[in-house]
Amino acid sequence: MSKRSDSGLDGILLIDKPAGWTSHDVVAKARRITGQRRIGHTGTLDPMATGLLVLCLGQATRLVEYLTGHDKRYTGTIALGRTTTTDDAEGETVEESAVPRMDEGILDDHLEAFRGPILQKPPVFSALKIAGRRAYDLARSGEAPELAARRVTVHGLDAAIAGPGTVTIDVSCSSGTYIRSLRAGPRPITGMRRTPFGPAAPPSWTVLPGGRRDARKAGSRRRGRRAGRVAPPNG
């Protein structure tokens with residue numbers, strides 16, 4: 001759905017975000033390609049995450065607040081026995097421990113506490129604002145931001161043992177759920193992908209030109225600006 005206007009394109013783009021891009025990188029690239037300055041997205045993805053990022057262009061930016069509230073679906077990988085500063089693979093390792101014996105029954109019992117309506121405390125490395133500053137900026141500067149727990153709903157949470165110390169997950173959840181917080185103890189998220197779900201389930205997605213190449217460049221620039229880069233926003 002799109003039409004040409006004096007200011008660029010009006011409509012919705014369903015982007016398959018590559019790893020290494022921030023959500024802001026995707027918006028900036030779309031602005032250059034389309035000539036449309038008014039672009040918003042309906043839910044941040046971590047730089048390490050891939051998958052569906054919905055962009056609203058021009059007059060369609062009026063739909064952002066409505067589309068943001070839709071349920072989401074993610075698949076991902078969890079590494080057992082390690083704790084990182086950001087609860088994902090991009091942070092520094094701060095603790096390692098032996099991986100306990102695990103089978104499908106034990107795994108399912110552990111996950112039961114995360115199903116249904118739950119109170120979830122967002123990770124400190126998130127895009128939430130505290131007194132006008134992003135939580136991840138506060139965390140990077142050595143502060144310990146206090147984030148209040150909030151109610152979210154995990155509609156479905158399935159997992160399988162993929163190998164020694166590795167678990168795969170499939171999650172359908174309400175907007176605002178942090179996948180990095182759907183686990184306890186030393187087990188960071190090492191891979192995550194948002195998949196089409198509900199009204200945003202298209203037959204095909206758009207891959208931005210130069211996506212993987214530009215993602216590598218963007219990642220190199222960010223690593224150059226700050227050693228030991230950690231992931232900001234959602235997921």
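Considering each of Leu80, Leu52 in turn, give the residue that is out of contact with any helix residue (DSSP H, G or I) (no Cβ under 7 Å at 6 or more places or on another chain), in the same structural domain as Glu96 (by TED's automatic domain parsing) and closer than 30 Å to Pro164 by Cα.
Details: Leu52 fails: in the same structural domain as Glu96 (by TED's automatic domain parsing).
After applying the criteria, what remains is Leu80.
Step by step: first the residues of segment 95-128, then only those that are in a strand (DSSP E or B) and in contact (Cβ under 8 Å) with a residue 60 or more places away in the chain, then the one that is nearest to Val171 (Cα to Cα). Which residue is that? Talk me through it step by step, then tell me what you get.
Residues of segment 95-128 in a strand (DSSP E or B): 95-96, 116-120.
Retained after the next criterion (residues that are in contact (Cβ under 8 Å) with a residue 60 or more places away in the chain): 95-96, 120.
Values: Glu95: 26, Glu96: 26, Gln120: 15 Å.
Selected residue: Gln120.
Given the condition surrounded by fewer than 21 Cβ atoms within 10 Å (Cβ to Cβ), outside the structural domain of Pro123 (by TED's automatic domain parsing) and on the phi > 0 side of the Ramachandran plot, answer yes or no: does some residue in segment 29-47 qualify?
Looking through segment 29-47, at least one residue is surrounded by fewer than 21 Cβ atoms within 10 Å (Cβ to Cβ), outside the structural domain of Pro123 (by TED's automatic domain parsing) and on the phi > 0 side of the Ramachandran plot.
Under 8 Å between Cβ atoms, which residue pairs at least 6 apart in sequence (or on different chains) link something in segment 68-90 that is surrounded by 18 or more Cβ atoms within 10 Å (Cβ to Cβ) with a partner that is modelled with pLDDT of 80 or more and basic (Lys, Arg)?
Taking only residues 6 or more apart or on different chains, the pairs are Lys72/Arg194; Arg73/Arg194; Tyr74/Arg193; Tyr74/Arg194; Gly76/Arg193; Thr86/Arg180; Asp87/Arg180; Asp88/Arg180.
Which of the following residues is under 22 Å from Trp21 (Cβ atoms), among the basic types (Lys, Arg) and surrounded by fewer than 18 Cβ atoms within 10 Å (Cβ to Cβ): Arg134, Arg150, Arg101? I'd like the intermediate steps shown before the answer.
Values: Arg150 fails: under 22 Å from Trp21 (Cβ atoms); Arg101 fails: under 22 Å from Trp21 (Cβ atoms).
The conditions single out Arg134.
Looking only at strands (runs of 3 or more DSSP E) that fall completely inside segment 1-84, which ones have 2 or more residues that are within 30 Å of Leu107 (Cα to Cα)? Show your work before the answer.
Numbers: elements: 2-5, 8-17, 39-41, 50-57, 72-79, 82-84.
The strands (runs of 3 or more DSSP E) meeting that bar are 50-57, 72-79, 82-84.
Does Arg140 satisfy the condition of being farther than 29 Å from Leu14 by Cβ and touching a residue at least 60 places away in the same chain (Cβ under 8 Å)?
Details: farther than 29 Å from Leu14 by Cβ: yes; touching a residue at least 60 places away in the same chain (Cβ under 8 Å): yes.
It is true that Arg140 is farther than 29 Å from Leu14 by Cβ and touching a residue at least 60 places away in the same chain (Cβ under 8 Å).
The values are calculated or read from the model by the stated rules, or taken from the named source; none is laboratory data. The structure displayed is predicted, hence computed values, not measured ones. We place every Cβ from the backbone using ideal geometry, glycine too, and count neighbours over all the protein chains shown.
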